[in-house]
Each structure stands twice: as C-alpha cells, then as structure tokens.
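The values are calculated or read from the model by the stated rules, or taken from the named source; none is laboratory data. These figures come from a predicted structure and were not determined experimentally. Backbone-built Cβ (ideal geometry, glycine too); neighbour counts: all protein chains shown.
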Amino acid sequence: MSTHLLRAEWAIDHVKNTVCIKAGNRAEGINRRQGERADTNDRITRGRAFARQQFLQHNLQPGLGEADIRAQVAAFSKCGNCTEQSALAFEYLRRRGERGMAWMGLPDHNHMFVVIGLHARPRDNAFFSIGGGTPLGWGPNAVVCDPWYHEWFLVRDDWNRKIRHILKESSGALLLDGTWCKIQCRAYV
C-alpha cells in the first residue's frame, strides 16, 4: 500500500474522531432526522462566521491561515461540511510533516478535499474533464483524501470513476463525460 494512501486514511480517521457530529449536508450518523441536520447547519454557519471574523481581524492571507482557522473551528464545534473537514485533514497532515500536499476546491460544485503526493504546487486555477484523466501535473503517486465523502484513493487508479460520484453527492449533479470542471488550489505545502 502507498504511504500516501495510509496517511490519507489516518487523516480521515482523525477527522472522523474529531468531528463527531459530522456534516449538516449529509444524512448519516446522528444527522438522520431533519431537525438534527438543521441544528448542525446552524453550528456550521456560526463556525464559518467566527472563522471569517478571525481571518479578517488577524489580516490572514488565503491559504494556510484559512485552512488553520477552519480546522480549529471544526475541531472546537465538532462539526463541519467538506470545507471544514478537508481543512482539518490538511492541518493534521501538515502538522505531521506531510509535504507535497494541496487543499483543493471545486467551486462550481461546492466541494473541497486534500491531495497528497504532489511533486509541485498545482496551478491556483485549472480545469479537468470528467472522464478525461487526472488534473495536469498531479503525478502518478497523488492520493485524494476526502473526509466528507469518507474516501481516499490513488488518483491514477480511481479518479475518473470516483470524482463523478463525489460530485454527484456534493452538488447533486450527475456530470457526463467531457464536462469541464474548475479546480482551485487553496493552500499548498
């Protein structure tokens, strides 16, 4: 097994054990009833407002500062959607010395995750095609770590198959082969 796969699994376990309430936008765990999802969404909204306030108050730059604050808020509130959960995984791995790692977002599909095992910083904004292979420059050892979807996988083996399902779950859209998606690198170490 790839060491990157193992580290991604550790990060997802860390998020699972830290963010005990889970996401408000997934019907799982204690969030099976509508009222519990609404309460979790309120907690996440308050946590995001606090993170924004801290971000502005301390004049932090986007990137590592944002990931750190979002991870701290998720750990404190014990809940978070993909942004908070992926930030928590990113910070967990960063503090354990992981390098060649990016906090990635799909802004048109409202989803974020971590990619580890990169040889260089990905472009700030890039595009990839559903069914058309992995995003350029990720290399053969890149691993997706997606705590919100509870999934970790080698990009070279599973990207084309799994990203379609992840985006269907996160945005509700079933994307056909050839659909172009924007991807952003929000932080890199």
Quick check on this structure: which one of Phe90, Phe113 is modelled with pLDDT of 95 or more, touching an Asp or Glu at 6+ places or on another chain (Cβ under 6 Å) and surrounded by 23 or more Cβ atoms within 10 Å (Cβ to Cβ)? Phe113
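Inside region 142-157, can you point out the residues that are surrounded by fewer than 15 Cβ atoms within 10 Å (Cβ to Cβ) and either at pLDDT 95 or above or not in a loop (DSSP other than H, G, I, E, B) (or both)? Quick ask: steps written out before the conclusion?
Step one: filter region 142-157 for residues surrounded by fewer than 15 Cβ atoms within 10 Å (Cβ to Cβ), giving 150, 157.
Within region 142-157, Asp157 is the sole residue that qualifies.
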Of the conditions (1) at pLDDT 65 or above; (2) more than 24 Å from Arg95 (Cβ to Cβ), Ile44 clears all except one; give me its number. (2)
When Gly139 is evaluated against the numbered criteria (1) farther than 21 Å from Gly178 by Cβ; (2) in a loop (DSSP other than H, G, I, E, B); (3) modelled with pLDDT of 90 or more, which criterion, by number, is the only one it fails? (3)
In region 105-129, which residues are within 18 Å of Leu64 (Cα to Cα), part of a strand (DSSP E or B) and over 12 Å from the mean Cα position of the chain (by Cα)? Asn125
Does Ala173 satisfy the criteria of being closer than 30 Å to Lys78 by Cβ, in contact (Cβ under 8 Å) with a residue 24 or more places away in the chain and over 16 Å from the mean Cα position of the chain (by Cα)? yes
Output the number of the condition that Ala23 fails; it satisfies all remaining conditions of (1) at pLDDT 70 or above; (2) crowded, with 21+ Cβ neighbours inside 10 Å; (3) under 30 Å from Ser129 (Cα atoms); (4) not hydroxyl-bearing (Ser, Thr, Tyr). (1)
